[in-house]
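S.K.: Got a structure here, written out as structure tokens. Questions coming.
Readers should treat all values here as calculations from the given coordinates under stated rules, not as data from a laboratory. Model, not experiment: these values are computed from the prediction. Neighbour counts run over all protein chains shown; Cβ positions are idealised from the backbone, glycine included.
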Amino acid sequence: MPSLPFIPVFLWTDILIYLLLGVVTYSVLYIRNHAHLKAPWKLVIKRKRGVISIMVLMCYVFVGLLDSVHFRLTIDDQQKSEQQHYETQVTSVLDLAIMPLREQVEKTYSAPFATRSFSREMQKDVSSELSYVYPKLHYGGAHLESEKEKLQDILSTIIISSIKALITWLLLSALLINYLAKRYQNSWFKQYKDILIGSARYPFRTVLLMLGIILLTVFNVAALSVDYHVLGTDKVGQDVLYQSLKSIRTGLVIGTLTTLVMLPLAISMGIAAGYFRGWIDDVIQYVYTTLNSIPGVLLIAAAVLMLQVYMNNHPENFVTITERADMRLLFLCIILGVTSWTGLCRILRGETLKLRESEYVLASRALGASSLSILHRHILPNLMHIVMISVVLDFSGLVLAEAVLSYVGVGVDPSMISWGNMINSARLEMARDPVVWWSLTAAFFFMFLLVLAANLFADVVRDAFDPKGHKQND
Amino acid sequence: MTELLKVTGLSTHIGSEKKPLKPVDNVSFCIEKGKTFALLGESGCGKSLTALSLLRLNPQPVSRVVAGAVELAGEDLLALSESDMEHIRGRRIAMIFQEPQSSLNPVLTVGQQIGESLQWHFKMRGKALHNRIINLLSSVGIPDPHQRFKDYPHQLSGGMKQRIMIAIALAGEPELLIADEPTTALDVTIQAQILDLLKEIQRETQMAILLISHDLAVVAQMADDVAVMYAGQIVEIAPREQFFKQVKHPYSKKLFESLPTAQKRQHRLTVIKGNVPALDKVFNGCRFVERCEFALPHCSTVVPGWHKDDEQSVRCHLLEPGQNSIVKVNSQKLMASLFKEISVTEKPVLILDKLRVHFPIRKGLFQRIVGHVKAVDDVSLVLRPSETLALVGESGCGKTTVGKAILQLVPITDGSVKYKEIVLNELSAKQLKLGRKGLQIVFQDPYSSMNPRMTISQVIEEAMISGMDSNNAVMRAEKVNSLMERVGLDAKQKHRYPHEFSGGQRQRICIARALAAEPNVIICDEPTSALDVSVQAQILNLLRELQKELKLTYLFITHNIAVVDYLAHSVAVMYLGRIVEQGLREEVLQSPQHPYTQALLGAVPQLDNNKSKQVIRLEGELPSPATPPKGCHFHQRCPKVMPQCLENYPEQTQITDSHQVRCFLY
């Protein structure tokens, strides 16, 4: 039986991410066919801030998705035994794509673009004399003849990859303009002029500029990271850039899956309380007021610690470390979701209270519609803009919450790479002299960029979906 | 005559520089001292923005005054600095708005809000300030000013709030008061009080008033000079007498013709075809040309100039010398399309018997019931097939609740609603679905009565899906098409969303939705009160056509007496949850018996106020239905109150076979 060179591994969070991806794709297709749903999104992508933040977010999502396709590779068995053996380590597509980063592990700390280690070591040199020196790195700048060439080498790499990026950018721009010219039946030159002076219907100029920036960054970093540790290495010599990239998936999972847990609770409870009133309303209100008065961190800490005990007692349930860490991540999402649905629920309840008295609901009742069909046809669609706004706003908060929780020690599994864990380990690094600054800075920068993009996006989305803001635009 | 305010060539634009909307385009008029100047026009024609531009209060930065001059006693307001303007606004020109609810600050007391203006303009402090505020409060007719001084706006009723707004405006002792639809949000009896108050103040202080209104009757009562605005321009200016004697511009003429009155009962109301043109285009000719029946060939190519005749100026080509078409205008007075009076059969279709709807007032931790709002209290009505019964009353008297109670949209406390021998309030939820299919409702606000996220065809189809009578999609689509055409809409537009339609079109869609359930009875809850007169005429025509064609019965809930006079067969007058008088239209409207009916009819402003009959002006306002007064509910405001009125509620008295009244006078 010819067997595959790998077996796919479906982690729980992977499955949920695929599910989410499916839901998003379906909604996009659905929205495309409904003019009133499409209109606010058109407003979003007409704003410069909107397209910029979408493009940044897309980069993150792309990396996150690559990192969500998991498998275990076969071990190259020399003996050709009957049974296939697979590595115990779970690998993702991202790992394969950035294999050098993953495998070029140094001994310990090294600064960005360094060629020598950060700490001194006793070493025997050629004449077997012991000396206390900064040893040369195994990979960082190892291809250089002499360390003096470093600057020149970096510069030439930058120039070459920038040229490559530029060519790619020009090609892509030409393709885009060509496509647009066909679509709007313009001449090629007119379309080019429209974009250049910014009079096109959508901010294509911004899109192209942003595309250029992204291409430049990606090409340069990719080229440089082959020979150097662009963001340095950490305590065990692992590349910080690799860690930062791997952290993206953790952050996205926390930010999105939590809402997946939270939304059904918030929507069903909020609508039920607002629409049915009476004792249902009382019960739901009591539940969320009670839940709200328990400090969230306490609840999360308790739940995570309990889970940890369970996992320690039942190691047989988890084949690999990754699966174990993933379980904890999922659980964290659930706990965060359970503690954070109350805010949205409260808003939805209030809005439903208002909507149930609206005349179209009354008219529908007079026509003999059942409660279920009123909820489904009239109430829910008119709440979706609030859900949309709050999901986007919550996202950045959740990404930051992960960092804080991991720092406190009740976040994701210590074996899982995340920004929170990177910051946590930076506690010791900051105490060193000279300071090891790059790990913290990298985590901070990656997180900052994501949260900033998400916040800008949320801002634009709120402007577009808020019925009050809308009227001003008309 | 001394000119107080002179506006010349005022233009205000909204939006981008390249393609602006021009809601105020080259508007000129002048207001004399101590006179009332009325700006008349339908919604969206730029009246309010004109007024705001005078004070430079037009919304910034979306709009800007681009041309013109506003001279207040010779001083150009548009040239003043912002800090100089602060001493004009409130001091020399004051303004009151349509919605007293939202123009008072809810967290400040009434006294503080009036004092604000006095402190700023006159630097008044302490005792003097306090005395002046009390003074102002009593001058606008607020009883017990010392007490009201400390009240917050929510403790006052709508009419009181408007009085407070007037007091604030008067605080600066202005030379000009701009009143932007000051009574539109108020009931007729309160409207009459406020209009009287404004007139009285004007007599005392010689203040000029710029009155903005869409209501011809209000203008007829108040104004000395009238200007009609259309699509951002003034099309006709005339002194009141002349204006109401003979309007000259075709648009003004149409406005008069589309007013419903008893005399037009046999006729279709005149409607103005088409819509107000978009204000962002460049007009090459007359703005009204597309909707004008008398348009001449050059109307669409040459911008009409002013034609002065006596003191009446009209912007119309028809009045050019050599055009004797003005005669034509007069001869084509009413488009004759007769309505047959519908004969009402005897067997009732809907009977309300001693209907009561009480809403519990809950208080405290355990939500104990501490009282009831008696929204509807012992109402009995009978509707016969093909009849229009008008339910008339002030806001808050419970007429809308009656409508909802008939459809079982609010829980009924006592009594019964009997539709075709079935008592609706005894049915289970499942039976009710079928039981009330023959009853439908059309709401007041066409903007909020449709789900903004459903297409028109979905809106109309909803009735068929929930009725489950035709599961065939093709049949449903055909029915939607025929319904849309029936109510006068293009069936091709059925895949659009509600926001793409105008108010009148939306109300048509709401009617189509009600018709989809194939009802016998339609409850019309103020279906035209949110619409302009010309659009109201279209809807009223449609309702009458449908009644004739489908033998519909209407329960027409309204406060507009003119509409009742035009449409109704019988009338019931409601006061504080009870019906005080009911009977045939002629009986109730021509010879009202109950003092409340008399007062209500007397308060309705009339177009020809020459025959100034002695009318009863009601004092005070509707009491709270949570604590209705003992005895006759009306005794606190009744001019003919007798001792027994304070003790007992009067029994029903038959005046004629069809005319009943509840009053001790009979």
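S.K.: Where in region A:209-236 does the label zone of A:Arg183 land, with the point 7 angstrom along Cα→C-beta and an amide N cut-off under 19 Å?
M.R.: What the label zone holds, given the 19 Å backbone N cut-off, is A:209-212.
S.K.: List the pair-distance distribution P(r) of region B:560-666, using every Cα-Cα distance, as the percent of pairs falling in each 10 Å bin from 0 up to the bin containing the longest distance, rounded to whole percents.
M.R.: 14, 45, 33, 8, 0
S.K.: Counting Lys and Arg as +1 and Asp and Glu as -1, what is the net charge of the other residues whose Cβ lies under 14 Å from the Cβ of B:Ala51?
M.R.: Charge balance near B:Ala51 sits at +1.
S.K.: Still on this structure: Compactness ratio of the protein assembly as shown: Cα Rg over 2.2 N^0.38 Å, N = residue count?
M.R.: With N residues counted in the protein assembly as shown, Rg over 2.2 N^0.38 Å equals 1.19.
S.K.: Anything over 29 Å Cα to Cα? Flag those among B:Lys264/B:Lys479; A:Lys48/A:Lys182; A:Lys182/B:Lys281; A:Lys48/A:Lys164; A:Lys38/A:Lys190, in the order listed.
M.R.: Long pairs (Cα-Cα over 29 Å): B:Lys264/B:Lys479; A:Lys182/B:Lys281.
S.K.: Taking Rh as the Kirkwood radius computed over C-alpha pairs, what is the Stokes-Einstein D of region B:175-321 at 20 °C in a medium of viscosity 1.002 mPa s, expressed in µm² per second?
M.R.: Numbers: Rh = 17.1 Å.
D, rounded to a whole number, is 125 µm²/s.
S.K.: In the structure displayed, which of B:Lys33/B:Lys640; B:Lys494/B:Lys551; B:Lys347/B:Lys433; B:Lys127/B:Lys640 lie more than 31 Å apart, Cα to Cα?
M.R.: Pairs exceeding 31 Å: B:Lys33/B:Lys640; B:Lys127/B:Lys640.
S.K.: Still on this structure, please answer the following. Grab the eigenvalues of the alpha-carbon gyration tensor for chain B, scale each by 5, take roots, and send me the semi-axes largest first in whole angstrom.
M.R.: Whole-Å semi-axes of the equivalent ellipsoid: 41, 34, 24.
S.K.: Can you give me the C-alpha center-to-center distance between region B:142-215 and region B:48-89, rounded to a whole angstrom?
M.R.: Each part's Cα centre sits 23 Å from the other's.
S.K.: What pairs in B:Lys22/B:Lys308; A:Lys46/B:Lys492; B:Lys123/B:Lys150; B:Lys161/B:Lys248 have C-alpha atoms more than 27 Å from each other?
M.R.: Long pairs (Cα-Cα over 27 Å): A:Lys46/B:Lys492; B:Lys161/B:Lys248.
S.K.: From the mean inverse distance of alpha carbon pairs (Kirkwood) and the Cα radius of gyration, derive Rg over Rh for region B:118-179.
M.R.: 0.96
S.K.: A further question on this structure: From Cα coordinates alone, what are the radius of gyration and Dmax values for chain A in angstrom?
M.R.: Computed over the Cα atoms of chain A, radius of gyration and Dmax are 26.5, 99 Å.
S.K.: Next question. Take the Cα atoms of region B:1-75, find their three principal axes, and give me the spread along each one in whole Å, biggest first.
M.R.: Largest to smallest, the principal-axis extents are 42, 28, 18 Å.
S.K.: Still on this structure, I have one more. In deg cm²/dmol, rounded to 500, what helix-only [θ] at 222 nm does chain A give when every DSSP H run of at least 4 residues adds -39500 (n - 2.57) and the total is split over its residues?
M.R.: Dividing the helical sum by the residues of chain A leaves -23500 deg cm²/dmol.
S.K.: How big is D, in µm² s⁻¹, for region B:438-583 by Stokes-Einstein at 4 °C and 1.567 mPa s if Rh is the Kirkwood radius over C-alpha pairs? Write down the numbers at each step before the final one.
M.R.: Values: Rh = 15.9 Å.
In µm²/s, the coefficient is 82.
S.K.: Moving on to the next point. In whole Å, what are the Cα extents of region B:351-455 along the three principal axes, biggest one first?
M.R.: 47, 38, 34
S.K.: Over 22 Å apart: what share of the alpha carbon pairs of region B:65-224 falls there, rounded to a whole percent?
M.R.: Considering region B:65-224, 43 percent of its Cα-Cα pairs are separated by more than 22 Å.
S.K.: While we're here: So what is Rg over Rh here for region A:317-474, counting just Cα atoms and using Kirkwood for Rh?
M.R.: 1.15
S.K.: Still on this structure, I have one more. Could you give each residue of region A:176-185 its phi-based ³J(HN,Hα) in whole Hz, using Karplus coefficients 6.51, -1.76, 1.60 with θ = phi - 60°, and x for Gly or Pro?
M.R.: Whole-Hz 3J(HN,Hα) from phi for region A:176-185: 5, 4, 4, 4, 5, 4, 5, 5, 9, 6.
S.K.: Something else: Between the alpha-carbon centers of region B:1-29 and region A:308-330, tell me the distance in whole angstrom.
M.R.: Cα centroid to Cα centroid, the span is 74 Å.
S.K.: Taking the Cβ of B:Leu489 as the centre, find all other residues whose Cβ is under 11 Å away and add up their charges (Lys, Arg: +1; Asp, Glu: -1).
M.R.: +4
S.K.: Compute the distance in nm between two label points, each set 7 Å from the Cα along the Cα-to-Cβ direction, one at A:Lys107 and one at A:Ile163.
M.R.: So the label points at A:Lys107 and A:Ile163 sit 3.9 nm apart.
S.K.: List, in order, the whole-Hz ³J(HN,Hα) value for each residue of region A:5-19 obtained from phi through the Karplus relation with A = 6.51, B = -1.76, C = 1.60 and θ = phi - 60°; use x for Gly and Pro.
M.R.: Rounded to whole hertz, the list is x, 7, 10, x, 10, 9, 6, 4, 5, 4, 4, 5, 5, 4, 4.
S.K.: Would you mind getting the Kirkwood hydrodynamic radius of region B:139-220 from its Cα pairs, rounded to one decimal in Å?
M.R.: 13.4
S.K.: Provide the net charge surrounding A:Ser390, with neighbours chosen by a C-beta distance below 14 Å and charges set as Lys +1, Arg +1, Asp -1, Glu -1.
M.R.: Net charge in that neighbourhood comes out at -1.
S.K.: Divide by every residue of chain B the summed helix terms, -39500 (n - 2.57) for each DSSP H run of at least 4, and state the resulting mean residue ellipticity at 222 nm, rounded to the nearest 500 deg cm²/dmol.
M.R.: -9000 deg cm²/dmol
S.K.: Could you name the aspartates and glutamates in cross-link range of A:Lys107, using Cα to Cα under 14 Å and dropping any fewer than eight places away on the same chain?
M.R.: Hits, sequence-local ones excluded: A:Glu121, A:Asp234, A:Asp239.
S.K.: What's the center-to-center distance, using Cα atoms, between region B:374-427 and region B:529-590 in Å?
M.R.: 16
S.K.: Then there is this: Could you tell me the calculated FRET efficiency between B:Ser81 and A:Ser27, based on Cβ-Cβ distance and R0 = 56 angstrom, to the nearest 0.05?
M.R.: Working: r = 53 Å, r/R0 = 0.96.
Using R0 = 56 Å, I get an efficiency of 0.55.
S.K.: Using θ = phi - 60° and the Karplus relation 6.51 cos²θ - 1.76 cosθ + 1.60, list the HN-Hα couplings for region A:138-152 in order, rounded to whole Hz, with x at every Gly or Pro.
M.R.: Couplings: 5, 10, x, x, 6, 7, 6, 5, 9, 5, 5, 6, 3, 4, 4 Hz.
S.K.: Here is a follow-up. Per residue of B:445-457, how many C-beta atoms from partner chains lie within 10 Å of its own C-beta, taken as a mean?
M.R.: 4
S.K.: Follow-up question, since we're still on this one. Using a Cα-Cα cut-off of under 12 Å, which aspartates and glutamates could be cross-linked to B:Lys18, ignoring same-chain neighbours fewer than 8 residues away?
M.R.: B:Asp280
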